[in-house]
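Structure first, commentary second.
The values are calculated or read from the model by the stated rules, or taken from the named source; none is laboratory data. Only a predicted model underlies this, so the values are computations on that prediction, with no experimental measurement involved. Positions of Cβ are generated from backbone atoms using ideal geometry, with glycine treated the same way; all protein chains shown enter the neighbour counts. SASA here: full protein model, heavy atoms, side chains in, ligands and nucleic acids out. Shrake-Rupley method; radii C 1.70, N 1.55, O 1.52, S 1.80 Å.
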Amino acid sequence: MISLKHRLTLTYALFISAALAVLTLVINQFTVIVFTSLIKDNIAGKSNEIVQAIGEQYNGMSRRFNQSTIEAIGMYFVHDGYIVTVEDEKGDTVWDARSCDMQECTKVLNTISERMEDSFRLNGSWQTLEYPVTHNGTNAGKVIIETYGPFFFSETESKFLSSINRLLVMAGIVFILLSIGISILLSGAIAKPIVKAGEAARRIANIHAKGADRQNLNIRLDEGYKTRELHELSRSINNLAAELEEGERRQKQLSSDIAHELRTPLTCLQGNIEAMIDGVWKADPEHLKSCHEEILRLARLVADLHTLTNFEWERIELHKTDFDLARLLHTAVDQFNQAAADKGIAINLNLRESPVNADYDRLKQVFINLLSNAVKYTDSGSITIGIEKGAKNWDVTVADTGIGIPEEDMPHIFERLYRSDKSRSRSTGGAGIGLAIAAAITAAHGGNISAASENGKGSIFTVYL
Ligand code: ADP
């Protein structure tokens, strides 16, 4: 397959060369036409000049021509390619160039024929024109002029025309060479960024397909091109590489987070079961219950991960129905009344009738996750749930007076498996999936969640439906 650079060079060079060749040809033809018409005028002018000069040599008194002057005039014009014959009024030859100097006439005739036929490929012939000579209105005779026709070039004219042609051909060759050079430079400038982008894409594909050095995804192309398409191409490749790099990083992070989440309950289970095997612990209901709790935790974690993966990778079908959001919140809060009461936290409801069309069960999951966090991360004070008319639909707030979220954790709390260090060390801490699930469900409904918090004073989560 031919490379882009070669194809562009070839196309440009062919196009410019063809254009130049046509231009040269047109100029050449034009020059010849203009020059020829000038020459024709010149020949006619000279013939008239000869006739006039010879006419002046007629003496009306003696009714004769001045022979010696006619000879001087005639022989002068022989050298220019005009063979002159002068006849008197009776038709008798007064003077004739051929009879005067046959050798010279033949030489001139041959030179002109050869010049016109060899150099200009003109298959002309010798033509004779007769011009009457009159004196005071009476016929005095005639001048017969033989020239090469339809036109001929003198030696100087022929040299001039040849050098113009040579000049045109040379200029054509120089311009064609120049155009090839410019074509190479121009196609190089266009092809280079495309070739580079192709190479980068191939490297990215190789890294992905073969798992070759994944660190090398930090491929970045120069984006400083003045051509919009080239600039966008480089930027797209850079974005692709950056996104793959980020995806790679998140995948690594996720694997290590999942491993970490699984390790804790597994280590606990392993320790407990080994203790029972070694007879350190009895397999009594109390110990078995603690093992069972760990197993439940593992099962919950796996189920949560599954839910989240479904939301992130598939289009989840929402089973939308019309219902009152306040009723949904009431049922969700009911699940946490006991837990809140146990911790001495009050739950305040600031609800109003708020009809929505949404997936009831999934939306309930959103508020269960938010309420579960609020209860989990609040040791004293209260939790307040409110509904307000929002810009598009309803805004629901879940505010607590709990431990709050450190500022540095705020940008990450909606990420999968993200937990603040504080909650990691707390026994209450979950797997860090609840908020990610809540955000995914809200997004599937076309809404979003925001969080505001003051460390140590409490947090407020707002669901914009
Ligand atoms: P988890 O299961 O750990 O609660 P989430 O995804 O629900 O996971 O929350 C992510 C992290 O956000 C939590 O680990 C916690 O650090 C922080 N967080 C969420 N809600 C609250 C809250 N109401 N108060 C304080 N911190 C919170």
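The set of residues in the range 1-30 being over 30 Å from Gly198 (Cα atoms), surrounded by fewer than 17 Cβ atoms within 10 Å (Cβ to Cβ) and either without any contact (Cβ under 8 Å) to a residue 12 or more places away in the chain or out of contact with any Leu (no Cβ under 8 Å at 6 or more places or on another chain) (or both) consists of Ala18, Ala19, Ala21, Val22, Leu23, Leu25, Val26, Gln29, Phe30. Checking the structure you have, find out if any residue of the range 300-308 is outside any helix (DSSP H, G or I) and open to solvent by 100 Å² or more (accessible area, probe 1.4 Å). Scanning the range 300-308 turns up no residue that is outside any helix (DSSP H, G or I) and open to solvent by 100 Å² or more (accessible area, probe 1.4 Å). When the test is whether a residue is under 30 Å from Ser183 (Cβ atoms) and under 60 Å from the mean Cα position of the chain (by Cα), Val22 passes it. Within the range 310-332, the set of residues being over 20 Å from Ile433 (Cα atoms) and either of a type in the set (A, V, I, L, M) or part of a helix (DSSP H, G or I) (or both) comprises Leu318, Leu325, Ala326, Arg327, Leu328, Leu329, His330, Thr331. Taking the stated definitions as given, is Gln365 closer than 28 Å to Glu415 by Cα, open to solvent by 90 Å² or more (accessible area, probe 1.4 Å) and touching a helix residue (DSSP H, G or I) at 6+ places or on another chain (Cβ under 8 Å)? Taking the combined requirement at face value, the residue does not satisfy it. Picking from residues in the range 31-41 that are without any contact (Cβ under 8 Å) to a residue 12 or more places away in the chain and open to solvent by 70 Å² or more (accessible area, probe 1.4 Å), the one that is nearest to Thr85 (Cα to Cα) is Asp41. Asp322 meets all of the listed conditions (1) touching a residue at least 24 places away in the same chain (Cβ under 8 Å); (2) farther than 30 Å from Thr401 by Cα; (3) surrounded by 14 or more Cβ atoms within 10 Å (Cβ to Cβ) but one, namely (3).
Only one entry in Val195, Val143, Val174 is over 30 Å from Ser113 (Cα atoms) and at pLDDT 90 or above, namely Val174.
Please enumerate the residues belonging to the range 319-371 that are among the basic types (Lys, Arg) and farther than 19 Å from Tyr464 by Cβ. Answer for the range 319-371, where residues must be among the basic types (Lys, Arg) and farther than 19 Å from Tyr464 by Cβ: Arg327, Lys343.
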